[in-house]
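Below is one structure, written out as structure tokens; comments come after it.
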Amino acid sequence: MEKYSEVIGLPVICGYDGRKLGTVKDVVFCIGEKKVLAFLLETRGYKIGKKVIFVGDVLSLGRDALIIGNAKDMQNIRKVKDRPEFKNKIDILGVRVYTRSGDEIGTVKDILIDFNLGRMDGVEISDGLVKDIYEGRNILPLIGKTEFGEESILVDNESVEEMVGTGGGIRNILVGRKKC
């Protein structure tokens, strides 16, 4: 599983000849279906500009690079920008998350991507800087019915029940040292 923040900036490598073709600048999601659709790339060289590579054309996504089959798999952004999935793009980073019972959980700080299944599996939630430093952030799985809006995300209570900590935070470090 990859984090959105770790995918941004990865080099895009051609599996055919090993050339670096560009850098990942963004990920396009189909928010309603919680799917990864494409990666927006910035290229260099004589064809400078923004390109798109659809998930079906990606061979692998690792910690250090995104590998595609061939440079011909990249499409010019101008040719696909009028497609609905590119027009209706919602940025969920920084959006507040609420339960259906009206409780605020926190703010989305990152998105968890399962590239093998091509979907968004969860979001990393911040409950404020002090709490993040002390306890670490939480991972909220996107299970059940999830409603995405421009200003908020509404999740089922079952998602909140499955929420887990990232293991970070000063508290976890101190508790971990006491056990040794």
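Quick note: the coordinates plus some simple rules give every number you see, no bench work behind them. Just so you know, these numbers come straight off a predicted model, no measurement behind them.
For the reader, a short list of remarks on this structure follows.
- Once backbone amide H atoms are built at 1.01 Å from N, ASP156 has LYS145 as its partners under 5 Å, excluding neighbours fewer than 5 places away on the same chain.
- Crossing angle, helix 170-179 versus the chain [Cα axis fit, 0-90 degrees, rounded to tens]: 70 degrees
- Unsatisfied cross-links (Cα-Cα over 22 Å) in the set LYS34/LYS79; LYS25/LYS131; LYS3/LYS25; LYS51/LYS81; LYS25/LYS81; LYS89/LYS145: LYS34/LYS79; LYS25/LYS131
- Inter-centroid distance (Cα atoms) of the range 89-157 relative to the range 1-45, Å: 21 Å
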